[in-house]
Amino acid sequence: MNITPRHTALRRRDFAASLAALPLALQLGPAWAQAASNRLRFTLDWRVDGPGAIVLLALGRGYFAQEGLDVVIDAGAGSAASVQRIASGTHDIGFADTSALVEYLANNPTSPRLQAVYMFMDQAPSAVFALKKSGILKPADLQGRTLGAPVFDAGRKSFPLFAKANRFDAGRVQWTNADPALRETLLIKGDVDAITGFYYTSLLNLQARGVKPEELTILKFADHGVRLYGNSVVVSPTLAAERPQAVQGFLRALNRSIKDCIADPAAGVQYVKARDSLLDAKVEEQRLRHFLENFVATPAVQKAGLGDVDLPRLRSHIVQVSDAFGLKRYVPAEQVFSAAYLPPLKERLL
């Protein structure tokens, strides 16, 4: 290209404009950098509902802001999707089933080493639901029956553990793939004999479809020999390495929020309702109460405090899940979970 006097004048003008803007850029630069360093992209493990109150309340009451954090909360699409979001870098932190994290770490030894930093579900919420009129009253009655669930459902994936703990042959159960939104309908229509699902989700979905609790056989995995941990807070290695104080601040805020929700579930649901006005507040409060009473504020947590794990139990969890899922290796418990970012024990006691 030929350089004309006009081109030269334009370049000089652009250069002069850049010099003029430089002081403003230098002035605003730290503010931009500070905003970026304070922002956390968070993913739920599922859509917004009652249990989401434990993080939505922290946002609504300004607990994250008090820690200097700007937290953006996105709805999820399952624990496996949460793990992939954090691994890919689209999200910094999120909720995910601990078994899904173990599966990812075992199958991706050279990928980003995600880690759980706060265990907020002391027990996995998976359960089997059947109508009593089907004759299914105990775990062994599932032999020779058809169960429905999505292929990624935590209860379906860990069903071999449930069968082993209750001494029946998991191979004598047939599975029907079911959309998450349709599994309860399939049960009611008789297209399947039983379903697996999260206790606090499928129970309320069945009740909403006119099924009374006394008409159901409910077999919670946690009550039938399967002592797996449930959901935890998972962080990216980048966040943990570059902004450990942000992780600590997030967990302090979340810990406060969980305790607030335990003390007053109705107040927590107000923030869920604010996020999605179409939700039924009474239903979501009931869902939150089931979640908190059965899986978060368990007797073990009331004794030992929120957030931490028992390492021997976690090791057992890893071995059981690895065997049930056919994973390539056993991941060390210390790689799966770190207590380094937890608030002090006195703040985590209920």
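A few points about this structure:
- Gyration tensor verdict on segment 200-350 (Cα atoms; rounded if a/c is under 1.5, prolate if a/b is larger than b/c, oblate otherwise): oblate
- Computed label-point distance, nm, for sites ARG329 and ASP223 using a 7 Å Cα→Cβ extension: 4.0 nm
- Around GLY60: net Lys/Arg minus Asp/Glu count, Cβ-Cβ under 11 Å: +2
- Distance (nanometres) between label positions extended 7 Å along Cα→Cβ at ALA208 and ARG47: 0.7 nm
- Diffusion coefficient, µm² s⁻¹, Stokes-Einstein with Kirkwood Rh over alpha-carbon pairs of segment 114-259 at 4 °C and 1.567 mPa s: 78 µm²/s
- Dipole of the chain, positive direction: furthest Cα of ALA181, GLN302, LEU219, with charges on the beta-carbon: ALA181
- Cα-centre dipole for the chain with unit charges at Cβ (Lys and Arg positive, Asp and Glu negative), debye to 20: 500 debye
- Extension reserve of the GLN302-ALA140 stretch, reckoned as 0.36 nm per residue once the Cα distance is removed: 55.1 nm
- Its convex hull of Cα atoms gives the chain a direction-averaged projected area, equal to a quarter of the hull surface, of 23.6 nm².
- Two-site label geometry, ARG167 and LEU182: point separation in nm, points 7 Å out along Cα→Cβ: 3.9 nm
- Whole-Å distance, taken between Cα centres, linking segment 140-168 and segment 324-343: 24 Å
- For segment 219-291: Kirkwood Rh in Å [reciprocal of mean 1/r, alpha carbons]: 14.9 Å
- The order of the peptides 201-212, 264-275, 244-255 by mean Cβ neighbours within 10 Å, most packed first, is 244-255, 264-275, 201-212.
- MRE, 222 nm, helices only [DSSP H, n ≥ 4, -39500 (n - 2.57), over the chain, to nearest 500]: -14500 deg cm²/dmol
- GNM top mover of ILE73, ILE54, ILE93 - the chain, alpha-carbon springs below 10 Å: ILE73
- Only Cα pairs under 8 Å and 6+ residues apart enter the sum, and on that basis the relative contact order of segment 99-206 stands at 34 percent.
- Cα-Cα over 20 Å, subset of LYS138/LYS303; LYS157/LYS273; LYS133/LYS212; LYS259/LYS303; LYS157/LYS328; LYS138/LYS164: LYS138/LYS303; LYS157/LYS273
Just so you know, all these numbers are worked out from the coordinates, no wet-lab data involved. Bear in mind the structure is a predicted one, so any value in this text is a computation, not a measurement. Reconstructed Cβ throughout: ideal geometry from the backbone, glycine too, with neighbour counts over all protein chains shown.
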